[in-house]
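Let me begin by presenting the structure, written as structure tokens, before commenting on it.
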Amino acid sequence: MNPTVASADTAPLLLRAARGEAVARPPVWFMRQAGRSLPEYREVRAGTSMLQACRTPDLVTEITVQPVRRHHVDAAIFFSDIVVPLVAVGLDIEIVPGTGPVVAVPVRSEADVRLIRALEPDDITDIDQSVRQLVEALGDTPLIGFAGAPYTLASYLIEGGPSREHVRTKALMHSQPAVWHALLSRLAQISATVLAAKIAPGDAAIQLFEP
């Protein structure tokens, strides 16, 4: 579906609302990991880690479609996690149930930043495949893609995991501004590349996560 050629009357509700057009009601979709409260989600995820599921196109497709199939929501959210592109460039990150992403070697110095390489399209061919499968499976239902914004990703990398106070992040930001800017520049490239990989094959909308 090409939203630039769809008329205002026939375009999906999500796209009309995103353009600022008058709509009868707000569009509705599942945000939380594509609907992980659903029993069919838990069944299909059994025995598979979060990161494995995020990198397996058939699982991504099935999990993304589940809320649409069950509840007929107005859009589908791409099943993934914001740390997937960081794992794709070789960083040692594990998504721990009940905790979230845990970074084996937190970023604390210029040398650590230099170890983070650029994300290339060939690193995430599974995402391209997943989007293409989803566009076909969803038909007229729009697909929303997302990525972590640089600050959010930087905080995970510096803190070593989820944090409410971001103490280490703020300390590095103020004490080593050159390292901070280098880290955010690298993460901006990674976020932009993963969003481009989702837009090109057919995402109708994107979200950038930032606190």
Open item on the list: If the requirement is being farther than 20 Å from Gly90 by Cα and open to solvent by less than 30 Å² (accessible area, probe 1.4 Å), which of these qualifies: Ala178, Ala205?
Closed with: Ala205
Task: Some residue of the range 5-12 being modelled with pLDDT under 90, part of a loop (DSSP other than H, G, I, E, B), surrounded by 15 or more Cβ atoms within 10 Å (Cβ to Cβ) and under 21 Å from the mean Cα position of the chain (by Cα) - done: no
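Could you list, in sequence order, the residues of the range 13-34 that are open to solvent by 90 Å² or more (accessible area, probe 1.4 Å) and either at pLDDT 80 or above or touching a Leu at 6+ places or on another chain (Cβ under 6 Å) (or both)?
Within the range 13-34, Arg19, Ala22, Ala24, Arg25, Pro26 qualify.
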Task: Pairs with Cβ under 9 Å, 6+ apart, first in the range 138-155 and in contact (Cβ under 8 Å) with a residue 12 or more places away in the chain, second aromatic (Phe, Trp, Tyr) and part of a loop (DSSP other than H, G, I, E, B) - done: Pro142/Trp29; Leu143/Phe78; Ile144/Trp29; Ile144/Phe78; Gly145/Phe78; Phe146/Phe78
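Right, Ser163: surrounded by fewer than 19 Cβ atoms within 10 Å (Cβ to Cβ) and at pLDDT below 95 or not? Can you show your working first?
On the way: surrounded by fewer than 19 Cβ atoms within 10 Å (Cβ to Cβ): yes; at pLDDT below 95: yes.
For Ser163, the condition - surrounded by fewer than 19 Cβ atoms within 10 Å (Cβ to Cβ) and at pLDDT below 95 - is met.
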Open item on the list: Looking only at the range 181-202, filter to residues that are of a type in the set (S, T, N, Q) and under 30 Å from Ala76 (Cβ atoms); which one of those is most open to solvent (accessible area, probe 1.4 Å)?
Closed with: Gln189
TODO: List every residue pair whose Cβ atoms lie under 6 Å apart, where the two residues are 6 or more positions apart in sequence or sit on different chains, the first residue falls within the range 102-127 and is of a type in the set (Gly, Ala, Ser), and the second residue, located anywhere, is surrounded by fewer than 16 Cβ atoms within 10 Å (Cβ to Cβ) and assigned to a loop (DSSP other than H, G, I, E, B).
DONE: Ala104/Asp92
Task: Filter result (modelled with pLDDT of 95 or more, of a type in the set (Val, Ile, Thr) and within 17 Å of Met50 (Cα to Cα)) within the range 90-126 - done: Ile93, Val102, Val103, Ile124
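How about the range 170-211: which of its residues are of a type in the set (Gly, Ala, Ser) and either closer than 30 Å to Arg19 by Cα or out of contact with any helix residue (DSSP H, G or I) (no Cβ under 9 Å at 6 or more places or on another chain) (or both)? Working first, answer last.
Taking the range 170-211 as the starting set, the residues that turn out to be of a type in the set (Gly, Ala, Ser) are 171, 175, 178, 182, 185, 188, 191-192, 196-197, 200, 202, 204-205.
If the condition is that a residue be of a type in the set (Gly, Ala, Ser) and either closer than 30 Å to Arg19 by Cα or out of contact with any helix residue (DSSP H, G or I) (no Cβ under 9 Å at 6 or more places or on another chain) (or both), then Ser175, Ser185, Ala188, Ser191, Ala192, Ala196, Ala197, Ala200, Gly202, Ala204, Ala205 are the ones that fit.
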Task: Selection from the range 83-112 of residues that are open to solvent by 40 Å² or more (accessible area, probe 1.4 Å) and of a type in the set (Asp, Glu) - done: Asp92, Glu94, Glu110
Open item on the list: List the residue pairs whose Cβ atoms are under 7 Å apart, where the first residue sits in the range 166-189 and is among the polar types (S, T, N, Q), the second is modelled with pLDDT under 95 and open to solvent by 40 Å² or more (accessible area, probe 1.4 Å), and the two are 6 or more positions apart or on different chains.
Closed with: none
TODO: Take the range 57-76 and flag every residue that is crowded, with 17+ Cβ neighbours inside 10 Å and outside any helix (DSSP H, G or I).
DONE: Val73, Asp74, Ala75, Ala76
TODO: Hey, could you check the range 35-56 for residues that are in contact with a Leu (Cβ under 9 Å, 6 or more places away or on another chain) and within 18 Å of Gln133 (Cα to Cα) and say which is least open to solvent (accessible area, probe 1.4 Å)?
DONE: Ala53
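The values are calculated or read from the model by the stated rules, or taken from the named source; none is laboratory data. Computed from a prediction, not measured in an experiment: that's the story for all the values here. Don't worry about glycine lacking a Cβ; one is built from the backbone with ideal geometry, like all the others, and counts go over all protein chains shown. In case anyone asks, the SASA skips ligands and DNA or RNA and just uses the protein heavy atoms, side chains included. Shrake-Rupley method; radii C 1.70, N 1.55, O 1.52, S 1.80 Å.
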